[in-house]
Amino acid sequence: NDNRSWNCGYEGKTNQPEILSLRNKMVRNACAVLMCSRGTPMFLAGDEFGNSQFGNNNAYCQDNEISWLDWRDLEKNQELFQFFRFMIDFRKRHRAIREDMDPVDFGFPCMSCHGTRAWDENYVWDSKVVGVMFAGRSQEEEDIVYLGINAFWKPQQIGLPALPANRYWIPVVDTAREEETVIGQEEILDRNVYVMGARSVLI
């Protein structure tokens with residue numbers, strides 16, 4: 001009787017586009033955060049194509065459509081499936097997310113936390129943004145990844161850690177962009193700021 005879930009404003013199935021869009025974004029948010037976290041990302045089978053257990057979070061004893069995978073959802077939710085594939089590949093390509101590496105030359109720690117301002121991790125009860133940066137180097141290259149999470153229902157401007165000369169931030173994932181969550185075209189940020197959309201994740 002203490003299930004603190006939220007179904008984006010409507011319980012159960014709906015055809016309302018704004019609710020379906022928000023639910024889809026929240027799934028992408030969860031995927032991106034888990035794939036950019038230390039340890040082993042743990043998902044339920046079917047999360048990668050939007051499988052639903054009809055709100056039942058403990059369906060182990062249900063041998064019926066509540067716990068069965070509906071493979072038709074794989075065709076229906078191909079965009080979500082492709083996003084999961086992208087995030088799996090992204091995690092594999094960025095070792096700094098998965099483990100401590102040698103430090104980068106300009107003094108960033110292997111892992112650091114940030115708020116709306118870079119290097120400010122003084123979180124309070126009404127903090128709305130959490131940022132985590134991973135940094136390291138191997139013999140081949142430097143690897144720096146910033147994960148931003150805006151849990152608020154309004155956009156938030158964040159300050160990214162300043163990089164040395166001739167280095168710059170490039171947004172790769174922004175779930176506020178809906179269908180264009182994976183940013184295909186290279187966008188160089190000319191300032192170390194980014195406006196995160198409501199309830200979104202940035203990489």
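Do any strands (runs of 3 or more DSSP E) lying entirely in region 124-203 carry at least 3 residues that are over 16 Å from the mean Cα position of the chain (by Cα), among the charged types (D, E, K, R) and crowded, with 17+ Cβ neighbours inside 10 Å, and which ones are they?
none
Could you give me the residue pairs with C-beta distances under 6 Å whose first residue belongs to region 169-192 and is touching a residue at least 40 places away in the same chain (Cβ under 8 Å) and under 15 Å from Cys36 (Cβ atoms), whose second residue is β-branched (Val, Ile, Thr) and assigned to a helix (DSSP H, G or I) wherever it lies, and which are 6+ apart or on separate chains?
As it stands, the answer is Thr181/Thr175, since those pairs meet every condition given.
List the residue pairs whose Cβ atoms are under 8 Å apart, where the first residue sits in region 122-139 and is free of Cβ contacts under 8 Å to residues at least 24 places away in the same chain, the second is assigned to a strand (DSSP E or B), and the two are 6 or more positions apart or on different chains.
Tyr123/Val130; Val130/Cys113; Val130/His114; Val130/Gly148; Val130/Ile149
Since every read-out is calculated from the coordinates, none of them should be taken as a lab result. Remember, it's a predicted structure, so these values are computed and weren't measured experimentally. In this analysis, Cβ positions are derived from the backbone assuming ideal geometry, glycine residues included, and neighbour counts consider all displayed protein chains.
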